[in-house]
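Worksheet: the structure to be examined is printed underneath.
The values are calculated or read from the model by the stated rules, or taken from the named source; none is laboratory data. Every value quoted in this text rests on a predicted model; they were computed, and no experiment measured them. Here the Cβ is made from the backbone with ideal geometry for all residues, glycine too, and neighbour counts use every protein chain on show. Please note that ligands, DNA and RNA were not included when accessible areas were found on the heavy atoms of the full protein model with its side chains. Shrake-Rupley method; radii C 1.70, N 1.55, O 1.52, S 1.80 Å.
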Amino acid sequence: MDRSSRREVTSSPGKQAPESADRRLRRYIVEHGLQPGDRLPSEAELASRLGSSRVVVREALSALEALGIVEARVGAGWYVRDFSAQMVARTFAHSLAFHPNVLLDLMTVRSSIESELVITIADRIGPADLAALDELVENMTRRAARGEPFTEADGQFHRRLIAVEGNQVALALTDIFFSVMDILYQQGLPTPAR
């Protein structure tokens, strides 16, 4: 079967694939203006509103829970979660950790982001932040001299630096980078001191 006939089998011109239940549920949250902390309707009501079975809605809720969009509260139902950069970082890190070039790609992205933000950070950084950064550099230097890993202090340094700028997306990407690093080290990647 050639590619063109395969395309005809899998999609019909003018017809869209049915929207997934988790996508319909995300759209429902947005269209109804639900905010973090807001309770979702019951599974039965969501099933009725979304035109799905309760089983499909339950699976969609579980998928959104894994992404950190909603949370189940025992005996209280489902609620919209507040945005958590750490949750995004953790989910993303576990997905990326199995790709061979991910570390180099992430280092390139992180370097680009930090290079751009340094200009803004230089104008905002105060004496307390400088002292904390100096302490972290001293910690890393001591650990490196003893042949010990210093990735935790390195992560704290970069997070502290980016936090000065206040850019939550850059902070989330920094968290992703160091989460991936932690996972890769747990999987046997040698730490810089080894």
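Computed quantities for the displayed model
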quantity: In Å², nearest 10: area of residue 22 left accessible to a 1.4 Å probe; calculated: 40
quantity: Within the accessible area of segment 39-194 (1.4 Å probe), percent carbon and sulfur; calculated: 56
quantity: Neighbour-limited loop hits for chymotrypsin sites (Phe, Trp or Tyr not before Pro), segment 30-129 (at most 13 other Cβ within 10 Å; DSSP other than H, G, I, E, B); calculated: 83, 98
quantity: Net charge contributed by nearby residues that have their C-beta within less than 13 Å of residue 139 (K/R +1, D/E -1); calculated: -2
quantity: HN-Hα J in Hz across segment 67-76 - Karplus 6.51, -1.76, 1.60, θ = phi - 60°, x for Gly and Pro; calculated: 8, x, 8, 10, 9, 8, 10, 3, x, 10
